[in-house]
Every structure is written in structure tokens, then in C-alpha cells.
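Worksheet: the structure to be examined is printed underneath.
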Amino acid sequence: MTAVAPKPFCVTAADQLYSRSVAQLLLSAERHRADRDYRWITYDLGFDPDRRRWLEARFSWCDFRRVPFEDLPPHYLPSRRSYAWKPWAVWQVVRDADALVLSIDSAAVIKGDLSEIFDWAREHGIYMARGRETMRHRCEPSVMRALDYPADLVDTRERVANLVCFDPSNPVAYGIMRDWERLSRAPDLLLPVEKTVEIHMSDQALLNCLVLPQAAAGAIRLPDEDMDISAGRPIRMLSTRNKLPPWLPLWADPLARLWYWMYKTVDQALWRRKDRNTP
């Protein structure tokens with residue numbers, strides 16, 4: 001008899017401000033059967049007790065776990081905006097996982113079958129779609145120097161960390177995840193004192209400093225796909241940055257999806273036009 005492969009994990013996290021956004025994500029998982037096909041974990045970054053109880057009751061198929069901020073350095077707190085909690089949370093799953101692990105932003109909405117993402121990670125180790133900007137504009141030079149990031153890769157387009165899939169059985173992918181968590185313990189890498197770029201992408205910048213050199217060396221392969229952030233033809237199975245206020249009632253979910261669909265349809269059309277007109 002053929003053994004059944006363990007279900008992949010989907011890992012997200014939210015605090016009270018994003019509690020309605022994560023509910024939106026979990027609702028979208030139900031619509032696309034992702035609640036049945038995958039094992040879901042939501043890390044509690046600071047839910048109000050009543051909201052936590054409501055989420056656990058409404059989405060009983062999801063495993064809600066608390067982040068022990070009292071045992072972590074101060075820069076892990078969401079209020080510090082270092083996002084150090086993200087590598088920590090994902091690593092808690094990856095280090096003991098018996099299957100693929102997808103880290104997914106709480107303000108995302110599933111729009112289709114996620115199997116393409118898992119299939120890619122299973123074959124190549126890691127799935128990360130492209131962002132619009134290059135490392136030159138999203139990572140402080142001091143951080144790149146500290147991590148020995150190759151100078152000839154500074155104009156490589158960044159990969160977006162709000163959707164990352166790791167295959168723990170792949171030694172390169174496992175090592176990248178382990179090092180991402182380890183580096184996140186250094187606040188100066190996430191929140192560098194030197195500020196010469198407009199936006200240093202904290203945890204995402206660190207992950208890119210680990211992933212892009214490995215991809216350039218051929219140790220892993222990344223997909224030629226764009227996230228739906230400043231992109232004309234992005235991936236279709238997921239929509240990102242669908243932020244909702246915590247007071248929005250659950251019955252308004254279809255209206256929120258309609259609003260973001262209209263907004264992103266126009267935005268992507270404008271980016272396609274801009275790309276056509278760019279020399």
C-alpha cells in the first residue's frame with residue numbers, strides 16, 4: 001500500500017490590528033478547500049482574549065499558538081516593526097516539520113489552488129515570487145556588507161517574504177531557514193542604525209541576502225513569477241495586502257473582496273501600461 005504523504009503546513013500570524021485580516025485569510029482557505037488540504041497554524045501576536053476565543057471557535061480546524069514575547073528579546077515585539085517574530089515563528093514549524101511549510105501573510109487572500117507553490121518548493125527547495133524593487137533599494141549596504149552579500153547581485157530584484165514555501169528535506173532550504181532565524185536575533189541587521197535607503201525591508205532583506213546568492217550559484221531555483229505588488233501580470237492564486245480593520249463584520253467579506261479586486265485590477269492594468277511604455 002502506498003503511504004499517504006503528510007499534508008503541508010500553512011503558517012501565518014497576526015495581532016489584534018490584523019485579526020480581521022487573518023479571519024479573511026482563513027475564510028478564503030475554506031472557500032478553496034485549503035483548510036482540508038493543509039495543516040494551518042496561526043501565531044497569536046497579541047489578540048484580545050475575546051477575539052482569540054472567537055477565532056478559535058470559528059476556525060476550529062486551525063491551530064492557534066501564542067508567541068512568548070516575554071521570553072524573546074525586545075526587538076521581537078510587533079511594535080518595534082523589526083518583524084523578527086516571523087523567522088522565529090516559521091522556524092518553530094520548519095525545524096520539526098515532516099512536510100513542506102508555507103509562510104503566508106495574514107492580509108493575504110487565497111484565490112486558487114496553492115499546489116503550484118508546493119510543487120515548486122518540493123522540486124527546487126524554496127518558492128519565492130519577485131518584488132518590483134532591487135536589493136539596492138531594499139537593503140542597507142551596511143547589512144549587505146555584514147552578511148557578505150555579493151556586490152554583483154545588488155541590482156537583482158528582491159523576492160517577497162509575504163509568501164515563502166520551504167522544503168525542510170532540502171538541505172539548502174533548511175539551512176536558509178535556520179540562518180534566517182539565527183540572523184533575526186541581531187536587531188542591528190533588522191533595524192540598522194545607518195539609513196541610506198528609503199526602505200530597509202528588515203526580515204525580508206535578511207532572507208534575500210541568504211536566498212539570492214544561493215540562487216545565483218545554482219543551489220536553488222526560484223520561479224519567474226511576480227507577486228501582486230507593483231506588477232502587471234502577477235501570480236493568480238493569491239492576493240496580498242488585503243488589509244481589513246478589526247471592526248469590519250464577517251458578513252462584509254464579499255464587499256471587501258470586491259473592493260480589492262477592483263483596486264488591483266486597475267493597479268495591474270496601469271503597471272502593464274507602464275511596462276509597455278518603458279524603454
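The values are calculated or read from the model by the stated rules, or taken from the named source; none is laboratory data. Computed from a predicted structure; not experimentally measured. Methodologically, a virtual Cβ is constructed for each residue, glycine included, from the backbone with ideal geometry; neighbour enumeration extends over all protein chains shown. Ligands, DNA and RNA are excluded from the accessible area calculation, which covers all protein heavy atoms including side chains. Shrake-Rupley method; radii C 1.70, N 1.55, O 1.52, S 1.80 Å.
Residue by residue through the range 240-257, note down the ones that are farther than 22 Å from R58 by Cβ and out of contact with any Leu (no Cβ under 9 Å at 6 or more places or on another chain).
R241
For residues that are buried (at least 21 other Cβ atoms within 10 Å of the Cβ) and either of a type outside the set (A, V, I, L, M) or free of Cβ contacts under 8 Å to residues at least 40 places away in the same chain (or both), tally how many sit in the range 41-53.
The number of residues fulfilling the criteria is 3.
If I ask for residues that are of a type in the set (A, V, I, L, M, F, W, C) and either more than 22 Å from W261 (Cα to Cα) or open to solvent by 40 Å² or more (accessible area, probe 1.4 Å) (or both), which ones from the range 111-120 would you list?
Selection gives F118, W120.
When you scan the range 151-166, do you find a residue that is open to solvent by less than 60 Å² (accessible area, probe 1.4 Å) and free of Cβ contacts under 8 Å to residues at least 24 places away in the same chain, even just one?
Looking through the range 151-166, at least one residue is open to solvent by less than 60 Å² (accessible area, probe 1.4 Å) and free of Cβ contacts under 8 Å to residues at least 24 places away in the same chain.
From the list A186, A173, A161, which residue is within 24 Å of A5 (Cα to Cα) and not acidic (D, E)? Give the derivation first.
Details: A186 fails: within 24 Å of A5 (Cα to Cα); A161 fails: within 24 Å of A5 (Cα to Cα).
That would be A173, the only listed residue that is within 24 Å of A5 (Cα to Cα) and not acidic (D, E).
Which one is nearest to K111 (Cα to Cα), of the residues in the range 238-263 that are touching a residue at least 60 places away in the same chain (Cβ under 8 Å), in a helix (DSSP H, G or I) and open to solvent by less than 60 Å² (accessible area, probe 1.4 Å)?
Step by step, filter the range 238-263, then rank; the result is Y260.
Would you mention how many residues in the range 54-110 are acidic (D, E) and surrounded by 23 or more Cβ atoms within 10 Å (Cβ to Cβ)?
As a first pass, look at the range 54-110 and keep what is acidic (D, E): 56, 63, 70-71, 96, 98, 105.
Those still in the list that are surrounded by 23 or more Cβ atoms within 10 Å (Cβ to Cβ) too: 105.
Residues meeting the conditions: 1.
Identify, from the list E133, E123, E140, the residue that is at pLDDT 95 or above and open to solvent by 20 Å² or more (accessible area, probe 1.4 Å).
E123
Tell me the helices (runs of 4 or more DSSP H) entirely within the range 170-237 that contain at least 1 residues that are more than 28 Å from L72 (Cα to Cα) and open to solvent by 10 Å² or more (accessible area, probe 1.4 Å). Working first, answer last.
Working: elements: 171-183, 187-190, 202-216.
Per the criteria, 202-216.
What tally of residues in the range 90-111 results from selecting those that are more than 19 Å from V160 (Cβ to Cβ) and of a type in the set (V, I, T)?
Result for the range 90-111: 1.
Would you please name the residue that is nearest to V90 (Cα to Cα), looking only at residues in the range 1-18 that are crowded, with 22+ Cβ neighbours inside 10 Å and among the hydroxyl-bearing types (S, T, Y)?
T12
Can you find even one residue in the range 212-230 that is under 22 Å from the mean Cα position of the chain (by Cα), free of Cβ contacts under 8 Å to residues at least 24 places away in the same chain and under 28 Å from R20 (Cα atoms)?
no
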